[in-house]
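Here, each number is a calculation from the coordinates, and none is a lab measurement. Here the structure is a predicted model, which is why all the values come from computation and not from measurement. FYI the Cβ positions are ideal-geometry reconstructions off the backbone, even for glycines, and counts take in every protein chain you see.
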C-alpha cells in the first residue's frame, strides 16, 4: 500500500500547542524507568480479554494514560485531514469509495466494544485520502484513514477491504501504540508522544509532515500476528469472508512494480499466509453465522485517481 499499513521504530515529541480545531496537546509526562518498570513487572501478564480471546492486551499499556494517547491521536489525525483538505486530497463524503469504506466500517465497529470497552466511547471517523500510497491505518481513539492507492492499485474486493480495516482497527483495540510507548517509558525513563500514535509514516504524495515528523511505529511480529487474528474475527463477525485475508496478502506480495510501502513494515510472504490459513478454522464458523452485507461495491479502476 502506498502509505504504510504502518509503523517504524522512531518516535518523536509532539508539539506542545493546540490544533486548529482546538484540541489540547498534553504535556509530556516523565517517569523514572526503574520504579515504573518494577510496578509493571508486579502487574505482569496481559489485561483481561473482555469477551473475545483475541483481545489480550499487554500490561505495558498501564505506563501511559489512554486518554493522553487518544487526545494526541485526535490532534494528529485532524492535522492530517487539514493538510489533505488544503492540498485538495481529501476525498468528499459523497464519493462512492468513501461510502464504501464507511459502510464496511459501520458493520465492523459495533463489535469493537466486545474487545475494548473504551471503543464504545470513541468518536469513530473514516476518511479517504487521494494519494497513490498503498496503505491504511487506524489510530488510537478510532481514527481511520485509507489511501486511494490501496483501493485502486490492489483492486481490493469488499472482503479484502474488510480484512485491511479489521487488521488496523485491531491494532487500535489492542492498544499497540500505547504498549510500545509504555515499553519506551520503562527502557528510557521518559515517554515520547507524537506520530507513534498514528502508526503512520510520511504522508508521501501529500508532501507534508503533519505537526512535527510523522514517523511510523514499527510493531513487533507478535503485534502483527495479534492484529491479524483479531482482524479476521472482527471482519468475520461483520459478515466478510476471512479467506480474503489470504488473497489480500497474496496481492500485497505480488503487486508488481514497486512494492507497496506496507511491505516495509509488515511481515509478508508464505509464512504470514500460512499463519492466516491456520486461523481460518476459528474465523470461518463466525463468518458463516454472521449476517451478510446487503451492499456491495467495486474497486476504482486501476491507475485511477480520486479526481477521475
- Query: Which FRET efficiency value, to the nearest 0.05, is calculated for residue 222 and residue 250 with the Förster distance at 25 angstrom and r the Cβ-Cβ distance?
  - Reply: 0.65
- Measure off 7 Å from each Cα along the Cα-to-Cβ vector at residue 87 and residue 65, then give the distance between these two points in nanometres to one decimal. 3.2 nm
- Query: Which length gain, in nm to one decimal place, applies between residue 305 and residue 113 when the Cα-Cα distance is subtracted from 0.36 nm times their residue separation?
  - Reply: 65.6 nm
- Note on the structure: Expected unfolding gain across residue 106-residue 155 under the 0.36 nm per residue rule, minus the alpha-carbon gap, is 15.5 nm
- Residue exposure sequence - 284, 154 - by fewest surrounding Cβ within 10 Å: 284, 154
- Note on the structure: Label model pair residue 278, residue 295: point-to-point distance (7 angstrom along the Cα→beta-carbon line) in nm is 3.8 nm
